[in-house]
Amino acid sequence: MERTTYSVAHAIFHSAREYLNPVLRTSKFKETGVLTPAEFVAAGDFLVFKCPTWAWAAGDPAKARDYLPADKQYLITRNVPCLRRVKAMEYTDADADALLDDGADADGGWVATHQGRDAARHPAADAVDIDAADIDAADRPDADAAALAAAVGALSVAATPASAAQLPQSHHPQQGQGPDMPDLDDMPDIDDIPEIDDDLVDVGAIDEEDDPAALSSAAAGAASSSATAQGDSDPADKILKTRTYDMSITYDKYYQTPRVWLFGYDEHRRPLTSAQVFQDISQDHAHKTVTIEMHPHEGLTLASIHPCKHANVMKRILDQMEESGENKELRVDQYLMLFLKFMSAVLPTMEYDYTTSMEAA
């Protein structure tokens, strides 16, 4: 991913601060919302136990931190689906509501949402208008229909003796057969019936027309090449394209909190650019709390959610739980479970959280 001059300078400055900052040895989880390296490992073990999609990784041995176990340098989960862009979730003027029943009070009337949406973008909304008069006319039986029904009811298909005598011998039913039952011995075997259409096509007597709905191999190759060159799908393409992300969590020694890193792929498993990654991040946080920096355990440049506010948010959550008076206390090993839940405010379209609820013990 592309890095700006500011991000490079900030990364150097942060690396120097982290190196000079001493390792936290005493737990201050309840006081300030931070973690020691041992508490980070305990919280990671609990996350891996509860959510097997997460796993520990060792990373580059040359970049290993000595205050963490060699095989538990950071957490990672792969192929996290991201089905929509954040822009698709934004509320616009096109989402305005409208009261359907004119004259009805606002409390009792029906409300239709998204009245400003373009109808061309929603073909399912194009309904056929049917006149009520047409429905009434279709339901009323007229005199001609009644007369026709009476005439059909008077018809008889029973054969008279005279007409039966005039039938040829082959039309008289044999013993054990009904009047409409053909002789089974005269019926040809289906394997003996020639495929006439195929024979005529082979000799050129019939020209098969090209199906306009079929995509030729040349057109398919051209479309695939165009999509590969563009890197993005055609706006007119109605096939849902799925991006995926590899998400990792490291321990930030300076801020003493977890830190999230993102590396994205498009639907063809090509790495996303920085601009494409920011399409999947809340616009309130893109280019502000989310920056492009070097991963501390891998030689990769990834998008990272800056951890400067993480401890304050966790402390505020702990205070709210204490003030609620429900006698519930968040254990330190549950830290990452709650941490990932408030990360969804920054990553609203990434489906990485498979826990339905968070209960403190």
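Values computed for the structure shown
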| item | result |
| --- | --- |
| Any helices (runs of 4 or more DSSP H) falling wholly within the range 252-361 and containing at least 2 residues that are within 17 Å of residue 75 (Cα to Cα) | 335-343 |
| Which listed residue is at pLDDT below 95 and either of a type outside the set (Val, Ile, Thr) or open to solvent by less than 20 Å² (accessible area, probe 1.4 Å) (or both), from 67, 74 | 67 |
| Count of residues meeting criterion [over 26 Å from residue 282 (Cα atoms) and not in a helix (DSSP H, G or I)] in the range 56-84 | 15 |
| Residue that is most open to solvent (accessible area, probe 1.4 Å) [pool: residues in the range 246-263 that are among the charged types (D, E, K, R) and closer than 15 Å to residue 28 by Cβ] | 253 |
| Of residues in the range 29-57 being open to solvent by 50 Å² or more (accessible area, probe 1.4 Å) and either closer than 17 Å to residue 255 by Cβ or touching a residue at least 60 places away in the same chain (Cβ under 8 Å) (or both), the one farthest from the chain's Cα centre (by Cα) | 31 |
| Any hit, the range 277-291, residues being open to solvent by 20 Å² or more (accessible area, probe 1.4 Å) and small (Gly, Ala, Ser) | no |
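The values are calculated or read from the model by the stated rules, or taken from the named source; none is laboratory data. Quick caveat: nothing in here was measured; it's all calculated off a predicted structure. Using ideal geometry, Cβ is built from the backbone for each residue, glycine included, and neighbour counts are taken over all protein chains shown. Calculation scope for accessible area: heavy atoms of the full protein, side chains included, ligands and nucleic acids excluded. Shrake-Rupley method; radii C 1.70, N 1.55, O 1.52, S 1.80 Å.
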